[in-house]
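Data first, discussion second: the structure below is written as structure tokens.
The values are calculated or read from the model by the stated rules, or taken from the named source; none is laboratory data. Since the structure is predicted, the reported quantities are computational estimates derived from the model, not experimental observations. Note that we place each Cβ from the backbone using ideal geometry, even for glycine, and neighbour counts take in every protein chain shown. Just so you know, the surface numbers come from the protein's heavy atoms only, side chains and all, with ligands and any DNA or RNA stripped out. Shrake-Rupley method; radii C 1.70, N 1.55, O 1.52, S 1.80 Å.
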Protein chains: 2
Amino acid sequence: MPKESREEKRSRLIRKSEEEVSQAFSSPDHPIIQAISAYKELEKIRGMLYERMDEWYGIYFPELKTGNPDTYSDIILSVRTREDATEERLSVLGQESRVLSERIISSGTRPSLGESEYASLRKMAEAEKELGSTMEKLDGYLKESVSISMPNISYLIDHKIAAELLWKAGSLERLASFPASTIQLLGAEKALFKHLKFGSKPPKYGVLFKLQQISGAGKKQRGRLARAYATKISIASRADAYSKRFIAEKLKESLDKEVSRIMNQQSKMQES
Amino acid sequence: MPKESREEKRSRLIRKSEEEVSQAFSSPDHPIIQAISAYKELEKIRGMLYERMDEWYGIYFPELKTGNPDTYSDIILSVRTREDATEERLSVLGQESRVLSERIISSGTRPSLGESEYASLRKMAEAEKELGSTMEKLDGYLKESVSISMPNISYLIDHKIAAELLWKAGSLERLASFPASTIQLLGAEKALFKHLKFGSKPPKYGVLFKLQQISGAGKKQRGRLARAYATKISIASRADAYSKRFIAEKLKESLDKEVSRIMNQQSKMQES
């Protein structure tokens, strides 16, 4: 074998590592992980922008509180002066809009928002709405790609929670290799560490807590519900990663049964 | 005096505190403080979004690095496939665009960016650009309002740095009440605290370090330059807050003299 020159060796090795990197990133999991982590970041960013708008605009309209950044932006975009605060324009806030509108219009002592100051605030509200629509776009992308690469898991749970499980696990293969108990605690690493190190209470759920079925249940049922979900997700993940067969209908059926069993047991215990 | 009913007393007190709050917020400083803190927050938010885009898009185009989020967004908006990476489209990156373009187009093993994945990234780039234009809007507003309420200070230093000093001080009156030494260290509170508590080196400048004239100078001159600036800003702030006379031309002249004296002394010391 002829000895390769230093230059040849160098470019051969570069090519090789490029291929390796390429392979690692060409897995269909990768864009999902990027998209869900971008989504979570955008959620945080949007919250920061909302807080900032609230601190500024709130000087002029302290009454206008809402937990929804998008609604808040809509109000900013349509209300500059107290006279703008009509019932109609505040109707996005729901029931209280009439009371609010009357109170705001009649409050005479408050300073009013200057033209160019308002223009800055408007621009911030527009940026907030742009972030919101970016999140929608990402959500749509996630829904589509999660249902393709994890058909079984996403039949059982919300696609964003499925994507988060994938993100925490690192890849579909790794997720499939986890026992149910690990899946149950994915995303609760900090609490688990605290438990092991300082002896605080062990966590009962991580990412899965975001499932409405679990967070909405009674405190005593949540742990058992999380375990029931984790068990089925674990089976589903193996089907998604290896057999590629769609078995989620059956899984869902037996999951639903187990969930109602847990809920019933609890209510019986309360009765007795 | 007839005794007022409980109801009357209540509404009188509410009106009174509303007036007080109103007065506190009707100062022209207030919107400036809101705008500069919003600007700083947007800067942070934009950096977060940029990092996230870089992590995602960078999988496909690791060569495309730039410190400027806006340039990066421009590239994302015009380059999806390797074939898109023409010299022309990369020209925003400056000199290296030809080399980069050739390398990217010829690299065959890299995975390519899917249509709907790209749509998500595009949307993020658009949001980034929207944030950028919001920052421009705020900057314009700051420039205008700072030059109105702090004509003297903003004649000496950049309007955003002037706004930051105001923000750290809390109001123009407070800024005007500070000695030069305090103005010099505004924004370096943490470092000062560390110095007092742990005996680390005392800070030489806070917000003022952002002045190109200070950050661009030699390490040994910076402290003295910061003090020279702080002294003149302190005088200017009193004129802005109380006498309302425009004295900044004279101040600037003597400041420039002092700055060149400091720079010359240093170079003489180096020579000897």
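Observations on the structure shown:
- Residue B:217 being at pLDDT 90 or above, open to solvent by less than 20 Å² (accessible area, probe 1.4 Å) and not aromatic (Phe, Trp, Tyr): no
- Residue A:141 aromatic (Phe, Trp, Tyr), assigned to a helix (DSSP H, G or I) and more than 7 Å from every other protein chain (Cβ to nearest Cβ): no
- Residue B:120 being in a helix (DSSP H, G or I) and of a type in the set (Gly, Ala, Ser): yes
- Options B:19, B:51: the member that is under 29 Å from the mean Cα position of the chain (by Cα) and either within 8 Å of another protein chain (Cβ to nearest Cβ) or under 23 Å from residue A:51 (Cα atoms) (or both): B:51
- Selection count where residues are assigned to a loop (DSSP other than H, G, I, E, B) and either modelled with pLDDT of 85 or more or surrounded by fewer than 11 Cβ atoms within 10 Å (Cβ to Cβ) (or both), scope segment A:1-32: 4
- Residue within segment A:57-72 that is free of Cβ contacts under 8 Å to residues at least 24 places away in the same chain, outside any helix (DSSP H, G or I), in contact with a helix residue (DSSP H, G or I) (Cβ under 7 Å, 6 or more places away or on another chain) and open to solvent by 40 Å² or more (accessible area, probe 1.4 Å) present: no
- Some residue of segment B:90-110 being among the β-branched types (Val, Ile, Thr), in contact with a helix residue (DSSP H, G or I) (Cβ under 6 Å, 6 or more places away or on another chain), part of a loop (DSSP other than H, G, I, E, B) and surrounded by 13 or more Cβ atoms within 10 Å (Cβ to Cβ): yes
- Flag for residue B:52 being within 26 Å of residue A:146 (Cβ to Cβ), at pLDDT 80 or above and assigned to a helix (DSSP H, G or I): yes
- Within segment B:73-83, being more than 13 Å from chain A (Cβ to nearest Cβ) and either open to solvent by less than 40 Å² (accessible area, probe 1.4 Å) or within 27 Å of the chain's Cα centre (by Cα) (or both) holds for B:74, B:75, B:77, B:78, B:79, B:81.
- Summed over segment A:231-249, residues that are within 21 Å of residue A:145 (Cβ to Cβ) and surrounded by 21 or more Cβ atoms within 10 Å (Cβ to Cβ) total 5.
- For segment A:36-47, the count of residues that are over 29 Å from the mean Cα position of the chain (by Cα) and open to solvent by less than 40 Å² (accessible area, probe 1.4 Å) is zero.
- Across segment B:187-211, the number of residues qualifying as closer than 26 Å to residue B:154 by Cβ, open to solvent by 70 Å² or more (accessible area, probe 1.4 Å) and at pLDDT below 90 comes to 2.
- For segment A:94-113, the condition holds for no residue, the condition being that it is within 11 Å of chain B (Cβ to nearest Cβ), touching a His at 6+ places or on another chain (Cβ under 9 Å) and free of Cβ contacts under 8 Å to residues at least 24 places away in the same chain.
- When restricted to residues that are outside any helix (DSSP H, G or I), surrounded by fewer than 20 Cβ atoms within 10 Å (Cβ to Cβ) and either in contact with a helix residue (DSSP H, G or I) (Cβ under 6 Å, 6 or more places away or on another chain) or of a type in the set (Val, Ile, Thr) (or both), segment B:146-186 contains 1.
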